[in-house]
Amino acid sequence: MDYYSEQDRLIALLTGELPVLRAKLKISQDELSRRIGISRQTYSLIETKKQKMTWVTFMAMIAFFENNKKTKDILNYVGLTSDAAFKALLQK
């Protein structure tokens, strides 16, 4: 398993789900960006796929969405948190 290609794949998977996850929580880009510790501008660039998120930002978003009942099921449905590659990357 190539560590960086797996990170890229998981980041792309989460990026594609960001509008749905944020809508499910009914929060603004500003609110979400403050909660995960990045600027609203950076978040907007990530959500519109104009900038790739970092692994640290990915982990912050996973922690935020995984700890919310409304979005946890979505992460499981798309296979993010149950993904074997994701679990392997957490062990490194």
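Read-outs: derived from the displayed coordinates by stated rules, not from any lab. On a predicted model such as this, the values are computed, not experimentally measured, just so you know.
With an 8 Å Cα cut-off and a minimum separation of 6 or more residues, compute the relative contact order for region 12-91 in percent.
Worked out over region 12-91, it gives 28 percent.
From the phi angles alone, apply the Karplus equation (6.51, -1.76, 1.60; θ = phi - 60°) to region 69-77 and give each ³J(HN,Hα) in whole Hz, x where the residue is Gly or Pro.
4, 6, 10, 4, 5, 5, 4, 5, 4
Give me the Debye-computed log₁₀ of I(q)/I(0) at q = 0.14, 0.19, 0.22, 0.23 Å⁻¹ for region 20-82, equal point scatterers on Cα only, no solvent, two decimals.
-0.37, -0.70, -0.94, -1.03
For a test of understanding, tell me how many lysine pairs in the chain have Cα atoms under 20 Å apart, given they are 8 or more places apart or on different chains.
Eligible lysine pairs with Cα atoms under 20 Å apart amount to 8.
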